[in-house]
Amino acid sequence: MTGTAKHAHLSQWKCPSNIALVKYWGKRDFQKPMNPSLSFVLRNAFTETSVELHKNGDQKVTYYFEGAESPFGERIEKYLNHVSGQFTWINKYNFRIHSHNSFPHSAGIASSASSFGALALCLTELDFVHSGKETDSPEFWQKASELARMGSGSACRSVYSGFSIWGQTQLFESSSDEHAITLSDGVNPVFSGLRDAILMVDSGTKEVSSSVGHRLMDEHHYQRSRIAQAHENINELYLALLTGDQEKFIAVVENEALSLHAMMMTSNPSFLLLKPNSLELINRIRRFREKSQIPVCFTIDAGPNIHMLYFQENELDVKAFIERELLAFCENGKWIDDRIGSGPERLSDGLMDWPSTSSGAGPI
Ligand code: DP6
């Protein structure tokens, strides 16, 4: 995760997606969470992004996704306008951005987390190089997390390795609603072998966008209890992570997943995102755990796909279980084999096979 940009006008980063165990659901002010959340970064699901600054052309942002110009550029332009208050150099340049995901769009993996994570890392690097600041300092990661949050809340948890917490909690004085903090110290080694089998139930487009979803908490009858529950769950989960208590880990993780969906089912308007096959998978995972005594559990994002979490030492048994019992309930038998990851990486020039671009850029 180290290195310095060769030129102050080009930055390239690879940033992972993350999966929340204690869920962020509901926001206040500008991109601040109603409750603290805790997640871990994935290893195989990531975005690679390059940001090139240039002074020619009249388009503020040209955004290429998987090699083709994409309308997502409009959202990026709004985002850049927003953060230009902090980074005044942004107004002096046009941006050529290339982005690529390691996972299909339809995989139900939060692509906004890895996309804004990677973009924020590029912008932070450009800024730090520009102002002669150290790019491998705690300040660098904190700034990148804060910038990522402004693009998409969950993205602020993608810039660290392993587990992180976003939002104020009594657990850490350094915790903040503005940026995530890393939890790498003290987590029991049993969790370094955490695996995530993403069981694809339905790859269709989301029925509820996350911004609409978060707004449902504004007037929710259970808002206060949900906030209290998230604080309790984060305390319990953190303790489980420190002590290596897999049973407690499982209890909290499943409670959070189902609580997120309970919030959606009981909001106005309400959303029922779980499909019959999601429920079938949940029941089978629980039955398998009971019968085999192997520690497996599930978490779910705002969609129908099931993330089955398990531990490295049970890999063979769990993979056999997936093949034997679960694939029948996955769309076209699809699942993604992922695990806890070691966080973002700076990419050296030319590592990615971008379509060639001409740059009229000079150093900032
Ligand atoms: C259910 O981070 O996608 O995945 O801030 O509006 O971009 P925005 O929302 P987003 O919300 C993620 C919600 C979640 C839970 C989580 O990741 O904590």
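The values are calculated or read from the model by the stated rules, or taken from the named source; none is laboratory data. Being a predicted model, the structure only gives us computed values, none of them experimental. In this analysis, Cβ positions are derived from the backbone assuming ideal geometry, glycine residues included, and neighbour counts consider all displayed protein chains. Ligands, DNA and RNA are excluded from the accessible area calculation, which covers all protein heavy atoms including side chains. Shrake-Rupley method; radii C 1.70, N 1.55, O 1.52, S 1.80 Å.
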Response to the item:
Checked segment 300-332 for anything surrounded by fewer than 22 Cβ atoms within 10 Å (Cβ to Cβ) and polar (S, T, N, Q); matches are GLN312, ASN314, ASN332
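Taking the condition of being within 26 Å of GLN31 (Cβ to Cβ) and more than 16 Å from the ligand (Cβ to nearest atom), how many residues in segment 200-221 meet it? Please lay out each step first, then the result.
As a first pass, look at segment 200-221 and keep what is within 26 Å of GLN31 (Cβ to Cβ): 205-221.
Now drop any that are not more than 16 Å from the ligand (Cβ to nearest atom), which leaves 219, 221.
Final tally of qualifying residues: 2.
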Worksheet, complete the sentence: Restricting segment 295-327 to residues that are assigned to a loop (DSSP other than H, G, I, E, B) and in contact with a Gly (Cβ under 6 Å, 6 or more places away or on another chain), the one nearest to the ligand (Cβ to nearest atom) turns out to be ALA302
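Quick grid of which residues meet (1) touching a helix residue (DSSP H, G or I) at 6+ places or on another chain (Cβ under 8 Å); (2) assigned to a helix (DSSP H, G or I); (3) touching a residue at least 40 places away in the same chain (Cβ under 8 Å); (4) open to solvent by 40 Å² or more (accessible area, probe 1.4 Å):
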site	(1), (2), (3), (4)
GLY213	yes, yes, yes, no
ARG224	no, yes, no, yes
ALA228	no, yes, no, yes
ILE234	no, yes, yes, no
LEU242	no, yes, yes, yes
PHE249	yes, yes, yes, no
GLU256	yes, yes, yes, no
LEU273	yes, no, yes, no
LEU281	yes, yes, yes, no
Worksheet item: Within segment 287-298, can one find any residue that is within 14 Å of VAL201 (Cβ to Cβ) and at pLDDT 95 or above?
Response: yes
Worksheet entry | Conditions (1) more than 16 Å from the ligand (Cβ to nearest atom); (2) out of contact with any strand residue (DSSP E or B) (no Cβ under 9 Å at 6 or more places or on another chain); (3) closer than 28 Å to GLN31 by Cβ; (4) not in a loop (DSSP other than H, G, I, E, B): number failed by MET264 | (1)
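Does PHE116 satisfy the criteria of being closer than 30 Å to ASN305 by Cα, in contact with a Lys or Arg (Cβ under 9 Å, 6 or more places away or on another chain) and not in a loop (DSSP other than H, G, I, E, B)?
Details: closer than 30 Å to ASN305 by Cα: yes; in contact with a Lys or Arg (Cβ under 9 Å, 6 or more places away or on another chain): yes; not in a loop (DSSP other than H, G, I, E, B): yes.
In short, yes.
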Worksheet item: If we keep just the residues of segment 152-161 that are of a type outside the set (Val, Ile, Thr) and within 17 Å of ALA110 (Cβ to Cβ), which is farthest from the ligand (Cβ to nearest atom)?
Response: TYR160
Discussion item. So, LEU121, is that one touching a helix residue (DSSP H, G or I) at 6+ places or on another chain (Cβ under 7 Å) and open to solvent by less than 30 Å² (accessible area, probe 1.4 Å) or not?
Written reply: yes
Worksheet item: Has segment 178-199 got at least one residue that is away from the ligand (no atom under 13 Å from the Cβ), open to solvent by less than 20 Å² (accessible area, probe 1.4 Å), touching a Cys at 6+ places or on another chain (Cβ under 9 Å) and assigned to a strand (DSSP E or B)?
Response: yes
